[in-house]
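Notes for the one structure printed next.
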Amino acid sequence: MTRGMWIALALAIGMAPTASPSHAQKSGVSARLVATLCAGRKPCRLVSAKPAGRDGSGRAIKVVELSLGKAHPDKAITNPQFGCRPYRRELWRIGAGAPTRLLDLCNDGYGAAGIGEDALQISSNRLRHDQNGGSSWRWANGKTIQLSPLRVLAQSSCSFNTRSPGFELKEWNWAAFRGQGGLAVTNSCRKPGEDEEQGGCSLDQAVGRYVLIPKVTMRVRGAQHLGSCAATIDGSGSRGFVIFGKPSAARTPWLKALLLSDRILLVTVADRQFATDGRSWIHDDHIEIWLGASPNISDCAKGKSALKQWGLRIADAKVFAGHGRAEALTVLDQKRRRVGGLVQASFRLRLPAKAKGLTVIYSKAGRGRQRLMFATSRLKFKDHTSLGESYTVAAGAARCAMRNGLLDVVQSGNFHAIRQAEK
């Protein structure tokens, strides 16, 4: 969605006129329930109660909006100029279990520019909230909430500069437990004569693209074969990025990656067999780990930021230092198995530095040379803005566990944990 669309949507929805008293009386919300939601708070009044489909038991769901006046919830802010526009808003889910507060909004301008907006869209069992603000550096965040059972389905965040079309966008799908991101450097970073980047928060317009590697803090003993609790890439080009060779329609070989902390990385790679002739790790089947600074849309130091590379030969789990005078990368543990005609090799790795900018690659060999490389980002040699990134999963927002020999997601998008992390 472009910046213009963000603002247009916000103006269309976020600034909608307050419901009239007669509309509130016809909302089907009892005075007792309104009194319960407003208990101990003045001013507080019902603005609207919009239908939002039904839950699994057939009960009607509504999203109730309350107005709590214009005063800022931060008692230290008393200047009316910085009050809530048009009022402090609370959104509640009713009709599917106990009433639950979904959003508590005070648009005080959301930044120095003072033009922040909220956009709300209610549909069957869904609430979509888009918010933007900032100063010359702007941000735009989005969230889709499933109302019953209550959980967050997806989130997005975009950062951009009003004086240049450069941006960075991240999208995370809690339902599928996967995400992607992209960025375009600001025009001030471009050389004379180079075409300017196109503006807008859209992955289609991003120059740097990457698959987000989830970081889930949990106790996992040793190397484990990764299942759905990981980022997944393959040589098809539809999951991850083919950076050498031709994409294949087959979904094998494939690679999965998961961070347990800033420095502990789990990787599983699967193939029919792992080729090696022992003469050069570059021409053997291997995993590559690339580390560097986090991608930055205003960082013009292409080629100057130190990139470091390691190669992990799969046949014997031996690590080789590649580009950038890399420090030691350690294989803490490994395990292998054969399933359905594929050999799965899993590794628990300790990175020599925090995973800020991070790209993981699988390099497939054949006839003594590299034939296919697919990666978690569109990696370009000596360009740290082409590195990928991780996505930190808030404590309690998701849970992974071993099932049938694989580390799988068993719960994802916990609404209350995500809301707590955002405070």
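The values are calculated or read from the model by the stated rules, or taken from the named source; none is laboratory data. The model shown is predicted, which means the values in this text are computed figures rather than measured ones. We place every Cβ from the backbone using ideal geometry, glycine too, and count neighbours over all the protein chains shown.
When C201 is evaluated against the numbered criteria (1) modelled with pLDDT of 95 or more; (2) on the phi < 0 side of the Ramachandran plot, which criterion, by number, is the only one it fails? The one condition C201 does not meet is (1). Pairing residues of region 218-240 that are of a type in the set (A, V, I, L, M) with residues that are part of a loop (DSSP other than H, G, I, E, B) and exposed (fewer than 15 other Cβ atoms within 10 Å of the Cβ), at Cβ distances under 7 Å and at least 6 apart in sequence or on separate chains, gives no pairs at all. Being under 25 Å from G40 (Cβ atoms) and either out of contact with any strand residue (DSSP E or B) (no Cβ under 8 Å at 6 or more places or on another chain) or not in a strand (DSSP E or B) (or both) is a description that applies to A76.
The number of residues in region 72-114 being basic (K, R) and either farther than 30 Å from G58 by Cα or not assigned by TED's automatic domain parsing to the domain that holds G28 (or both) comes to 3.
Here's the yes/no breakdown for (1) at pLDDT 95 or above; (2) among the hydroxyl-bearing types (S, T, Y):
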position: Q334; (1), (2): yes, no
position: V339; (1), (2): no, no
position: G357; (1), (2): no, no
position: T392; (1), (2): yes, yes
position: R399; (1), (2): yes, no
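In summary, strands (runs of 3 or more DSSP E) completely within region 303-364 and bearing 1 or more residues that are over 19 Å from E389 (Cα atoms), under 25 Å from the mean Cα position of the chain (by Cα) and small (G, A, S) occur at 342-350. Residues in region 129-184 that are at pLDDT 95 or above and of a type in the set (V, I, T): T144, I145, V152.
How do the strands (runs of 3 or more DSSP E) wholly within region 235-302 filter down when requiring 2 or more residues that are in contact with a strand residue (DSSP E or B) (Cβ under 8 Å, 6 or more places away or on another chain) and within 26 Å of R219 (Cβ to Cβ): which remain?
Numbers: elements: 241-244, 254-259, 264-271, 286-292.
Passing ranges, in order: 254-259, 264-271, 286-292.
Return yes or no: is G56 closer than 26 Å to V152 by Cβ and either free of Cβ contacts under 8 Å to residues at least 12 places away in the same chain or of a type outside the set (D, E) (or both)? Yes: the conditions hold for G56.
So that you can scan it fast, the table gives a plain yes or no per residue for (1) surrounded by fewer than 21 Cβ atoms within 10 Å (Cβ to Cβ); (2) free of Cβ contacts under 8 Å to residues at least 40 places away in the same chain; (3) of a type outside the set (A, V, I, L, M, F, W, C):
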residue: G109; (1), (2), (3): yes, yes, yes
residue: R126; (1), (2), (3): yes, no, yes
residue: S136; (1), (2), (3): yes, yes, yes
residue: W139; (1), (2), (3): yes, yes, no
residue: I145; (1), (2), (3): no, no, no
residue: L153; (1), (2), (3): yes, no, no
residue: N161; (1), (2), (3): yes, no, yes
residue: S164; (1), (2), (3): yes, yes, yes
residue: A184; (1), (2), (3): no, no, no
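Condition test on R138, is it among the charged types (D, E, K, R) and either more than 24 Å from E389 (Cβ to Cβ) or not in a strand (DSSP E or B) (or both)? No, not satisfied.
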